[in-house]
Amino acid sequence: MQVSKKFLSSLLICIVFISSSIAAQTQVLSNTTVQVIQEVPTRVVLSNTDINRITCPAGELVKDVIYSEEKAVNVKIEGGNAFVKFLVGKDIITGEKKERVDPVEFYVVCGDNDVFTIISMPKKIPAQHVQLVSKQNQVKKNLSLFEGIPFEKRIIMMCQKVYTNDIPDSFTIRKIGKAIAVFKDIDVVLNRVIIAEGEGIRVKEYILSLKESSSESLELAEKSFLVPELAENPVAIALESHTLKPSTPRRLFILEQNR
């Protein structure tokens, strides 16, 4: 299936929505999720003022977190979570409080003694969430697919691949088929969720159709679908068509940060 001109125009609107989101991304957001794969030492920016959270894959228990005790770090393990807090020191000259800024290595042991290496870079940012993932092959393929591509173009690539159903085998596809009651005149069904493992991006594909009681076409606008019931951490949105006709379902694509 080729990408239609109408859909491309919708993608341009999608990019307009992205622009404000990209501006926000120049700063690290609160509870930002960073994925770390096994056996690949990964540099991760963590908050040096708030409590950061590390989670093992698939709900596995955190067995241990190994780090140098000289680094003045407080780590608390609870089930599948490890909570990391960098302790505040004092400047030896001025006596003033001093947040940690030098790197700290963490070796997180999960499940069947799987070890993940995190090279943390403490900075004055909000709390972060580090998600440990074991889907190494999927993640590596996706990282290779998107390597060197700006965030805006990655979003467009994902829109196009889902629109044309040309979805790489490294993406995870979850069939949902769940009706969501949001609008008076439109039936909305969450058809599937497509996730690019390791990239922190997912696409929600919705099917839109007019209710049986509606006999006239309805004009659609992307911003109408930016509601909590449909969009969580959205970065972009695109419509297959801006006109919804009776007995002619259309698709809606909402791209989100996968947290």
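The values are calculated or read from the model by the stated rules, or taken from the named source; none is laboratory data. Keep in mind the model is a prediction, meaning the values are calculated, not measured. So basically every Cβ, Gly included, is an ideal-geometry build from the backbone, and we count neighbours across all protein chains shown.
Computed quantities for the displayed model
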| quantity | calculated |
| --- | --- |
| Hits in region 173-188 - residues which are at negative phi, part of a strand (DSSP E or B) and either among the basic types (Lys, Arg) or surrounded by fewer than 16 Cβ atoms within 10 Å (Cβ to Cβ) (or both) | Ile173, Arg174, Lys175, Ile176, Lys178, Ala179, Ile180 |
| Residues (in a loop (DSSP other than H, G, I, E, B) and either more than 19 Å from the chain's Cα centre (by Cα) or under 15 Å from Val40 (Cβ atoms) (or both)) located in region 114-150 | Lys124, Ser134, Lys135, Glu147 |
| Exclusive hit being among the acidic types (Asp, Glu), exposed (fewer than 15 other Cβ atoms within 10 Å of the Cβ) and modelled with pLDDT under 90, set Glu199, Glu152, Glu147 | Glu147 |
| Condition check for Glu212: within 28 Å of Asn142 (Cα to Cα), modelled with pLDDT under 90 and not in a strand (DSSP E or B) | no |
| Where a residue in region 155-181 is under 17 Å from Gln138 (Cα atoms) and its partner, wherever it lies, is surrounded by fewer than 15 Cβ atoms within 10 Å (Cβ to Cβ) and basic (Lys, Arg), with Cβ under 7 Å and at least six apart | none |
| Extreme residue, farthest from Asp114 (Cα to Cα), among residues of region 49-74 that are assigned to a strand (DSSP E or B) and within 25 Å of the chain's Cα centre (by Cα) | Asn52 |
